[in-house]
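First comes the structure, then the notes that go with it.
Values in this text are rule-based calculations from the coordinates and carry no lab data. Here the structure is a predicted model, which means the values were calculated and not measured. All Cβ positions, even for glycine, are placed from backbone atoms using ideal geometry, and neighbour counts span all protein chains on display.
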């Protein structure tokens, strides 16, 4: 079958040939084509890869069903901003994230970023634990190249699904030289957040990722990032943690403070083999009279105890609501309990000295 004549394409090619010939006749260099960044998309599952029964199903959908190739195909304009390759690293709903998945992801990220043909990485991820994965990577990635996590609050089959545009913005951000050296970034809803500061703040709305106290670090607008501040804490290549030879991470758990709490959770977790405990206390990390003796006993058995807060904002003051020096406890600074758990896990691969662990909480 004869290919139909395309006048527009013919004229465009003719103009290109004319410009090239003119430049060559004048011995002028021909302007090179714009070199696109090489971006690898690592898919891990989540709502962004979810499917629902109808286009209006935004609750009760099935997460982690759509593969990375389909995610990329849904955003054909990606090829205009970067050279894209995709890889399905695993496929899980992020509430089922494990330490083993984190280690697999981090090792793959480090391997890829060490290659000259990879300029940045975008990770598609479920939103439930996205902030935890981002902070873990922020501490163990050994490159200044951009790493950007994106997700979605609506499944891929939903009307006005947010996943495709979040992927697009994530790729634009990862391909941008301005994103280099800023640590692991989280990009959803046209906003850029630092991995350390961001948290999921709403069960369902599209603006769920927020840094309620310290604020976002930038916006995506008009196909480019706009940065307004940086995270002041050390990260990535400046962090001291090496997971390259690890197959497991130390067991660290979280206990929650509330009125009328008992010591039972602390005792159970210690008996189950916890090497560290994060106490998500009320207020400034206060300890209930029923729980404090259990934490003291746990510390005497070698368990590292970190006093945190369930409030979500503010510094937990050392020697404030407890005599941390006397009890040999650590305080979480401004980290929320779930991120304090991550930092303590990584700290325990290096030391059990509480003074050194406290230094890490003030550093990262």
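Per residue of the chain, the DSSP helices (runs of n ≥ 4 H) give a summed -39500 (n - 2.57) that works out to -8500 deg cm²/dmol at 222 nm. The stretch between residue 222 and residue 234 holds 1.3 nm of extra length on full extension. This uses 0.36 nm per residue minus the Cα-Cα distance.
Distance between the pseudo-spin-label points of residue 56 and residue 160 (7 Å out from Cα toward the beta carbon): 1.3 nm.
Could you tell me which of rounded, prolate or oblate describes region 41-122, using a ≥ b ≥ c as the square roots of the eigenvalues of the alpha-carbon gyration tensor, with rounded for a/c under 1.5 and, failing that, prolate when a/b is larger than b/c and oblate otherwise? Because a/c hits 1.5 or more and a/b fails to exceed b/c, region 41-122 counts as oblate. Using the Cβ-Cβ distance between residue 69 and residue 256 with R0 set to 30 Å, the FRET efficiency works out to roughly 0.15. Which shape class applies to region 252-363: rounded if a/c is under 1.5, otherwise prolate when a/b exceeds b/c and oblate if not, where a ≥ b ≥ c are the square roots of the Cα gyration tensor eigenvalues? Because its axes are fairly even, with a/c under 1.5, region 252-363 counts as rounded. Is region 37-238 rounded, prolate or oblate when judged by the Cα gyration tensor, a ≥ b ≥ c being the square roots of its eigenvalues, rounded requiring a/c under 1.5 and prolate requiring a/b larger than b/c? It is rounded, given that a/c, with a ≥ b ≥ c, falls under 1.5.
Bridges between two residues of region 37-238, per DSSP, are antiparallel at a rate of about 40%. Among 321, 247, the order by Cβ neighbours within 10 angstrom, fewest to most, reads 247, 321. Expressed to the nearest 5 percent, the antiparallel share of DSSP beta bridges inside the chain is 30 percent. For residue 289 and residue 95, compute 0.36 nm times the residue count separating them, minus their Cα-Cα distance, and round to one decimal in nm. Stretched fully, the residue 289-residue 95 segment lengthens by 66.6 nm.
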